[in-house]
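Asker: Starting off with a structure, shown below.
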Protein chains: 2
Amino acid sequence: MENVKIVKYKAFNEIASSVVHEMKNPLSAITLGLEYIQLGSAEAKAKADVFSNISTAVGRLNEMLENLRLIFSDESESGKRTPLKISEILGKTKGLMNYYLTKNHIHFEINADGDEPWIIGNEGQLMTIFFLAAAWLIRRAESGSSMVFQLAPENGSIKVMAVSQGGSGSLSAKPRPAGDKQTTEALKELASANGWQATFAEPDDGKAELTISFPAGKLMHQKRG
Amino acid sequence: MENVKIVKYKAFNEIASSVVHEMKNPLSAITLGLEYIQLGSAEAKAKADVFSNISTAVGRLNEMLENLRLIFSDESESGKRTPLKISEILGKTKGLMNYYLTKNHIHFEINADGDEPWIIGNEGQLMTIFFLAAAWLIRRAESGSSMVFQLAPENGSIKVMAVSQGGSGSLSAKPRPAGDKQTTEALKELASANGWQATFAEPDDGKAELTISFPAGKLMHQKRG
């Protein structure tokens, strides 16, 4: 998985400043909240609201750290498998790169219905797949474009189709970034290690398409953990 | 600087879980502190202490984020130079890997006297140098060993001699880790981009030695910023 590592670190470098910004926002919320409470004049109700906001901020920081840990943990390398919800992992991936997306005016959309079945796989590796997939799509996306992850469950399997559609015209004219093949190879390797399949297409209509196929686990009606 | 990047990401992977742990500790301090204050029975003095502890925790989180940003920022790539204190940057580097050092029973010591002159260089690159140097030394260090960074100012320049001395015997018998040459090459490249020089030695007495020479800036008695 040497190539996977290299590609992962490169992609991390692209969003590292985004991760830092995402974590600094809740820190500001905590600091401001504490200053307000220390003023001493706040009413009980207002104080309770501030405490609740601070708790939310701490929870958000904790979640981001947990997601970072997942991508870089030994567990992610060991390949330990658990039941997973694809939309949940997509949401976590989005959480790590929110600031980056906002800064580049790229819309990240996750379309999933409520009936999504569980799949079995390694959580850190699945997050890395979506992290790399998003990076691959973003490199093709102009400012103002949309990146849509569409979950389509169909007899015993799920497809995730991710499309990047240019904001102000065709993407096909954009030069392909260097190191791009490395990313798609890494994605395929990670997917195949879990029994999934990744395919890429860049049709002439200015879209970039990525499809990952997951045979669903047999845990549809079980609770996780 | 392609090699520098690859080596940097590899080293980051080694300490990523350490960074997450270091940040989770202050988060726990914040959560526990808030719970205590919300109990409502605490005296004013006790409350003030809790607020002060939470502030410290927030400050520590902020500093860690700032250090992460430095290593992965565009500024670090652009090579923008400012006056720097070597011992300060060494301290920040240590802060990022504290948990990793504790877990591996490795002592990280910084010896500097008060008369340390300023040097001129890129802050993120200097931190990356120490980060890579520590990683290089740690790979040679047995549990219980010491890693000492000794600052020695001498006519118009500073030397940083870093030594890793095995805890339970000779290090020279330890097999050299793969990818090691990449790290030393990256270190040399980063140093030379700033006009500094890095040399490595692994004498037979079981030590691993790293020396970085910095011609000092002419800012010895000026304040920074």
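Values quoted throughout were computed directly from the atomic coordinates according to the rules given, and no laboratory measurement underlies them. Being a predicted model, the structure only gives us computed values, none of them experimental. Backbone-built Cβ (ideal geometry, glycine too); neighbour counts: all protein chains shown.
Asker: Counting C-alpha atoms alone, how compact is the protein assembly as shown: give Rg to one decimal and Dmax as a whole number, in angstrom.
Answerer: Considering the protein assembly as shown through its Cα atoms, Rg and Dmax are 24.4, 76 Å.
Asker: Measure nothing fancy, just the Cα-based angle from helix B:86-103's long axis to the longest principal axis of chain B, in degrees from 0 to 90, nearest 10.
Answerer: That works out to roughly 70 degrees.
Asker: Between A:GLY79, A:ASN98, A:ASN122, whose Cα lies farthest towards the positive end of the dipole of region A:72-125 when Lys and Arg beta carbons carry +1 and Asp and Glu beta carbons carry -1, centred on the Cα centre?
Answerer: A:ASN98
Asker: Can you work out ³J(HN,Hα) from phi for every residue in region A:112-118, in order, using Karplus 6.51 cos²θ - 1.76 cosθ + 1.60 and θ = phi - 60°, giving whole Hz and x for Gly and Pro?
Answerer: 9, 8, x, 8, 5, x, 6
Asker: Return the chain B residue and its Cβ-to-axis distance, rounded to the nearest Å, for the rotation relating B to A.
Answerer: Chain B residue with minimal Cβ-axis distance: B:TYR9, 1.
Asker: Now for a separate question. Between A:GLU2 and A:GLU66, what is the spin-label point distance in nm, taking each point 7 Å from the Cα along the Cα→C-beta axis?
Answerer: 3.6 nm
Asker: Further question: Hey, in the GNM for chain B with a 10 angstrom Cα cutoff, which one of B:ILE71, B:ILE54, B:ILE119 fluctuates hardest?
Answerer: Answer for the Gaussian network model of chain B: B:ILE54.
Asker: Can you show me the helix-derived [θ] at 222 nm for chain A, built from DSSP H runs with n ≥ 4 at -39,500 (n - 2.57) apiece and divided by the number of residues, rounded to the nearest 500.
Answerer: Details: 6 runs with 119 residues, N = 225.
-18000 deg cm²/dmol, from helical runs alone.
Asker: On to the next question. According to a simple spin-label model (label point 7 Å from Cα along Cα-to-Cβ), what is the distance in nm between A:THR102 and A:PHE51?
Answerer: If labels sit at A:PHE51 and A:THR102, their model points lie 2.8 nm apart.
Asker: Take B:GLU154 and B:GLU77, extend 7 Å from each Cα along the Cα→Cβ direction, and tell me the distance between the two endpoints in nm.
Answerer: Calculated label separation equals 3.9 nm.
Asker: Shifting gears a bit: Shape verdict for region A:1-112, please, from the Cα gyration tensor: rounded (a/c under 1.5), prolate (a/b greater than b/c) or oblate. Kindly include the intermediate steps, with their values, before the conclusion.
Answerer: Details: a/c = 2.33, a/b = 2.07, b/c = 1.13.
Verdict is prolate for region A:1-112.
Asker: By how many degrees, between 0 and 90 and to the nearest 10, does the Cα long axis of helix B:180-193 differ from the longest principal axis of chain B?
Answerer: 90 degrees
Asker: For A:ALA193, go 7 angstrom from Cα along the Cα-to-Cβ vector, then report the distances to that same point in the other copies in nm, smallest first.
Answerer: Ordered by increasing distance: 2.9 nm.
Asker: Below 8 Å between Cα atoms, with a sequence gap of 6+, how large is the relative contact order for chain B in percent?
Answerer: For chain B, the relative contact order is 21 percent.
Asker: Separate question: From the label point of A:GLU66, set 7 Å from Cα along Cα→Cβ, how far away are the matching label points in the other copies, in nm, ordered shortest to longest?
Answerer: 2.9
Asker: Let me ask something additional. Calculate the mean, over all residues of peptide A:19-27, of how many other protein chain Cβ atoms lie within 10 angstrom of the residue's Cβ.
Answerer: Numbers: counts 4, 9, 2, 1, 6, 5, 0, 3, 8.
The per-residue average across the peptide is 4.
Asker: Next up: Measure up A:LYS80/B:LYS181; A:LYS47/B:LYS103; B:LYS92/B:LYS188; A:LYS103/B:LYS47; B:LYS10/B:LYS188; A:LYS24/A:LYS181 against 28 Å on the Cα-Cα distance and list the ones that go over.
Answerer: Over 28 Å apart, Cα to Cα: A:LYS80/B:LYS181; A:LYS47/B:LYS103; A:LYS103/B:LYS47; A:LYS24/A:LYS181.
Asker: So what are the radius of gyration and Dmax for the Cα set of chain A, in Å?
Answerer: So, for chain A, Rg and Dmax equal 19.4, 63 Å respectively.
Asker: Taking the Cα atoms only, what angle lies between the long axis of helix B:2-38 and the longest principal axis of chain B, rounded to 10 degrees?
Answerer: Approximately 20 degrees, to the nearest ten.
Asker: May I pose another question? Distances from B:GLU77 to the same position in the other copies: list them in nm, one decimal, shortest first, using label points 7 Å from Cα along Cα→Cβ.
Answerer: Here the equivalent label points are 2.5 nm apart from this one.
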